[in-house]
Amino acid sequence: MVCEKAELLSYALGKLESIVCFFYTAWIHRFPRTYSRLYRYAAYRHKQASPRFRSYELFFLKPMQRILSEQKPDIVLCTHCLPSYLASRLKRKGLLSIPVVNVYTDFFVNDVWGIEGIDLHFVPDQHIKHMLLERGVSERQIVVTGIPVHPHITDKAESRGASAPLNVLVCGGSLGAGFMKRLIQQASPGGNVRYIVLCGKNRRLYEELAALRSDFVIPLPYISSREEMNRLYDHIDLVLTKPGGVTVSECLIKGIPIIVYHALPGQEEINLQHLLRLGLAVHWHDWAEGHVEERIHALCSSGSELAQWRARMTRYRQQLARHELSDAIRRMIR
């Protein structure tokens, strides 16, 4: 099986993509409340079963058709709502006949995702499965896979126990976004916790943290190897992160306690609400007030609380059909 990755935004906009991404990033950081309100109004109302987004069709339907014509795939996997919506429209118009699969990479389904004409849905959990059932999707078309992670991200070895120093992974996504530098400064590393900071592609953050020359602040650049990332997870006691779908899913598979210290407006806010409902994460919205390191130690020393947390993670993993994903795709192609 050969998989080809196609970036619709880059394909359709060319060099304009970087400009669009720049303004998007600036918007969500400078005016987060405005973006959050607009996102919920435009894409998370659930007032219509199949809403129309005519502007998306105007700008992206033809590029979507060109990609399909050039690549000639046997099956289309959509990991973003926009190509899913466009594929759904093409299916309903009779312009696309091959199977289309939605692979949800957040812990909710916004209104842009295509539903009608989609052949298979890989969903994060039972909650999303019930949501799709209510929207008329057949149960045989839904597979609870969790948010897919690389097969090299395996179940974690036994816990190291609350030894000192604790290893805490600090994440901000592939771009190194968020308040990681401020978080480290507020924590005032004193030797009881070793902070391993995933700086992603944020070179400035990496250099600033490296300049501290601290044995207890370990900055790392972007890690492309999933095997290396898996080995790193095996030595982590706790994760401080934004609630991005893939990072959180990897931590759930590894059974690592998740503390959310910051959530970007829109998708990540809704992810956080879902994780809190399931008891799979804790939100430290007040970390800027101090006592970060003390709170980390208190949490990692609480045997009963950690046991309950890990039990909820185990129940979450038990509902997943992780190994059925590739089999389902092969069956659909055949």
Under Stokes-Einstein, the stretch 271-334 at 37 °C and 0.692 mPa s, with its Kirkwood radius over C-alpha pairs, diffuses with a coefficient in µm²/s of 222 µm²/s
What is the dipole size for the stretch 167-242, taken about its Cα centre, with +1 at each Lys and Arg Cβ and -1 at each Asp and Glu Cβ, in debye to the nearest 20? 300 debye
Value in Å of the Kirkwood radius, where the stretch 235-292 supplies the Cα pairs that are averaged: 11.6 Å
Separation between Cα centres of the stretch 195-210 and the stretch 16-89, rounded to whole Å: 30 Å
For the stretch 1-53, what's the radius of gyration and Dmax over Cα atoms, in angstrom? 15.2, 44
The answer for the stretch 15-144, accessible area per residue at 1.4 Å probe in Å², is 56 Å²
So for each of 139-151, 31-43 I average, over its residues, the number of other beta carbons within 10 Å; can you give me the resulting order with the highest mean first? 139-151, 31-43
In Å², and per residue, what accessible area does the stretch 249-307 have when probed at 1.4 Å with the other protein chains present? 36 Å²
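What is the sum of charges, Lys and Arg at +1 and Asp and Glu at -1, for the other residues whose Cβ falls under 13 Å from the Cβ of S97?
My count for the surroundings of S97 gives +2.
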Based on alpha-carbon centroids, what's the gap between the stretch 130-157 and the stretch 214-283 in Å, whole number please? 19 Å
Quick one: which of K72/K93; K72/K242; K93/K242 span more than 29 angstrom between C-alpha atoms? K72/K242; K93/K242
Keeping the other protein chains in place, figure out the carbon and sulfur percent of the accessible area of the chain, with a 1.4 Å probe. 52 percent
What percentage of all Cα-Cα pairs in the stretch 196-334 are separated by more than 27 Å? 29 percent
Please compute the volume of the convex hull spanned by the alpha-carbon atoms of the chain and report it per residue in Å³. 144 Å³
Within the set K181/K201; K5/K62; K15/K181, which residue pairs have Cα atoms separated by over 20 Å? K15/K181
Send over the semi-axes of the stretch 44-124's equivalent ellipsoid, whole angstrom and largest first, taken as the square roots of 5 times the C-alpha gyration tensor eigenvalues. 19, 15, 11
Whichever aspartates and glutamates have a C-alpha closer than 18 Å to that of K129, once near sequence neighbours (fewer than 8 apart) are set aside: D106, D111, E116, D119, E139, E324
Provide Rg and Dmax in Å for the stretch 1-100, with only Cα atoms included in the calculation. 15.3, 44
Taking Cα atoms of the stretch 196-247, Rg/Rh with Kirkwood Rh, to two decimals? 0.96
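The values are calculated or read from the model by the stated rules, or taken from the named source; none is laboratory data. These figures come from a predicted structure and were not determined experimentally. We place every Cβ from the backbone using ideal geometry, glycine too, and count neighbours over all the protein chains shown. Note: accessible area is taken over every heavy atom of the protein model, side chains too, but ligands, DNA and RNA are not part of it. Shrake-Rupley method; radii C 1.70, N 1.55, O 1.52, S 1.80 Å.
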